[in-house]
1. Given the criteria in a strand (DSSP E or B), surrounded by fewer than 19 Cβ atoms within 10 Å (Cβ to Cβ) and hydroxyl-bearing (Ser, Thr, Tyr), does B:THR108 qualify?
2. Hey, can you tell me all the residues within segment B:133-152 that are without any contact (Cβ under 8 Å) to a residue 24 or more places away in the chain and assigned to a strand (DSSP E or B)?
3. Can you find even one residue in segment A:233-240 that is in a loop (DSSP other than H, G, I, E, B) and more than 14 Å from every other protein chain (Cβ to nearest Cβ)?
4. Which ones in segment A:316-334 are surrounded by fewer than 20 Cβ atoms within 10 Å (Cβ to Cβ) and under 25 Å from the mean Cα position of the chain (by Cα)?
5. Can you tell me which residue in segment B:118-135 is nearest to B:VAL107 (Cα to Cα), limited to those that are within 14 Å of chain A (Cβ to nearest Cβ) and surrounded by 24 or more Cβ atoms within 10 Å (Cβ to Cβ)?
6. Every residue in segment B:309-328 that is hydrophobic (A, V, I, L, M, F, W, C) and either outside any strand (DSSP E or B) or at pLDDT below 85 (or both), please.
7. Going by the conditions given, is A:VAL322 hydrophobic (A, V, I, L, M, F, W, C) and closer than 24 Å to A:ALA179 by Cβ?
8. Consider only pairs whose beta carbons are under 7 Å apart and that are at least six residues apart or on different chains; among these, list those whose first residue lies in segment B:153-179 and is among the acidic types (Asp, Glu) and whose second residue is part of a loop (DSSP other than H, G, I, E, B).
Amino acid sequence: MKYYQLLFAVVLFLAFASVSCRKEENPTDKTFTLPQEEIRDGGPGKDGIPALENPTFISESEATYLDDENLVIGYKVGTDIRAYPHAILDWHEIINDDVQGEAVAITYCPLTGTGIGWSRIVAGETTTFGVSGLLYNSNLIPYDRATDSDWSQMLLESISGTRSNQSIETFPVVETTWATWKKMYPTTKVVSDNTGHSRNYSRYPYGDYRTDQEQLLFPITNYDTRLPFKQRVHGVIVNGTAKVYPVSDFSNSAVEIITDEFEGSQLLIVGHSAENFVTSFQLAVDDNNTYTAVQDQLPVIFEDALGNQYDVFGEVVSGPAVGERLSPTISFIGYWFAWGTFYEGAEIYTP
Amino acid sequence: MKVFLLVGLLVSMGTLWRTNSYAQACCSGGVPISSNLGLTNSSHRHWQFLATYDLNVLNDLVDNESNLNDDSRKRTTHSTLFEINYGLTERIALTGLLSLVRQEREVTTFSNTEFTSAQGLSDAVLLAKYQLVTSRTGGQYDLVLGAGPKLPIGATNSTNNSELLLPADMQAGTGSWDAVFWSYAARNAFIWPNFSVGLISTYRLTGTNSNYGGLPFQFGKELQSNLALSNRYTVRKLLLDALLTFRYRHVTADEVAQNDVANTGGQWVYVVPGMQFNFSPAFGTRFSGDIPLYRKLVGTQLTTSFRFTFALQYTIKPKPTVTVSPTLKP
């Protein structure tokens, strides 16, 4: 064999070896409580979408990166009022925060349009959540950094790890436009676009996904076509079943109240489609009070026959019961297709 | 014969490697097939072999035309491609290309690194080439056209070690039949005797994988044009070619169920300096590296920071036919 043939063989061997003999450190084996084939690797990898930790907040007037029609997720503890914009959450999906000593995580899935407030205290242990890079039914799967357990955002329970089958505690948030939120709470703080990460927060990262009614990026287990896939609905979960209230079905000129019964629960749903919010409360079985909508006094949106006025979080802000609040429902806004697949046969409210 | 044995050995190695690997998967979307169809056209009954190792490091996060200051994510593609070319006639040649690829994904946060890798046999390409114009007869121009299918022989159902399906761009294959169109045009002795210029273009018309994890998936259609400048030097008995290539790449967006996937597709321009060492008329080796000059991407994408390619070319000429005259006995 001539020298160059030998060289040819040696170099080829090295080329193949360089491809084949490198380290193999895939993530640790995991078993899931859900069918493995329905859980998908979304592409960026674990923490490839970086969650935010205790972000910097700025005032309403400083938030020049936001337009009035941008959606935000609002949260309030006493006088500490905070807004978590979709514009930030589209790129980070989870914001771990401390609000007046409360350990909270705002979890948001851009593919299902679901923004949910999670407690960061799990089984008495404080944790933070990261983005696992996995999806179930096209929906975010956060993981908790204390135990590396994975959680389904919309199922509100752990699906792998030592926390498997445990439920997450949620807290009520309000999703609405930046314009409405500012109108409700002019003193709000809002997450700064100076997040420590280099991203273009003025651009929605998923093209026409949120407006293209047909477009899904990942398969789902149940395709429910009773409503357009991307129609935003406020869903309420009671006993593992769901009933949804399309945001656009509420009056576009006034705050509208719906009293409803679902799975034995008395529900009070309040919304305004032009102001782009819907919120809901669970009434006591023996609650014989009468609730009526209040107009043009945001954040006050309704009052009762006893003279109490309630804000968008269901807190009495004036009247004999000041400081008390109605029980929140387990609820959040999301795209219809997600509700239709996670909660098969979900009831759709019709007046 | 020795070369056939060598090829057999390599194929065997590939098979062995594939069998032993834990997760047999790779990145076909990132497999540099189009840019590594490097053989031109074989003369009649000539065999050409080209083995290429290609390292593609994607560590630049780019939003449209702007580099983002974020190096937390890294993708690396190691590809070994083996291309065989055989001249059926002086003008017609057949080319086959096989590749083995390893795809790595690293995410570094909080001083932890999450590492995922996959590897496997990728799709294959068959090309029929026709030489319209040839310089072998003393001219200065070459023009070769080729076309053929990309065969979906690579796997598209590979999972990680948690049995979760890997993303389409980490699969070994694409699962689709594609049409590949290829052309090569060159002018030798351009301006001065040792200088030549060539243009190699490849267009990949992608088909659809009708069921990638439950939904139809289609990689973006890809055009690559490489304008290559070459100047030959002689160092003692060694012939050296200094190469400078400008590579333009345009890819349309990937599609899921006929909807564009956000943050895919775009345009890239690279400058590719290189050097080719011709040890003999039959054997040569080439080193080159891609340096990004310009990119205009759809959305935000992790994209190539640099690329290194090393190739070996070996040619077997047919043994000359000896005509034996009958001996006339007295």
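1. Yes, satisfied.
2. B:VAL133
3. Taking every residue of segment A:233-240 in turn, at least one turns out to be in a loop (DSSP other than H, G, I, E, B) and more than 14 Å from every other protein chain (Cβ to nearest Cβ).
4. Result: A:ARG325, A:SER327, A:PRO328, A:ILE330.
5. Among those that are within 14 Å of chain A (Cβ to nearest Cβ) and surrounded by 24 or more Cβ atoms within 10 Å (Cβ to Cβ), it is B:ALA118.
6. Step one: filter segment B:309-328 for residues hydrophobic (A, V, I, L, M, F, W, C), giving B:310-312, B:316, B:322, B:324, B:328.
Scanning segment B:309-328 gives B:VAL322, B:VAL324, B:LEU328.
7. no
8. Matching pairs, first to second residue: B:ASP169/B:CYS27; B:ASP169/B:GLY29; B:ASP169/B:GLY30; B:ASP178/B:THR206; B:ASP178/B:GLY207.
The values are calculated or read from the model by the stated rules, or taken from the named source; none is laboratory data. Keep in mind the model is a prediction, meaning the values are calculated, not measured. Reconstructed Cβ throughout: ideal geometry from the backbone, glycine too, with neighbour counts over all protein chains shown.
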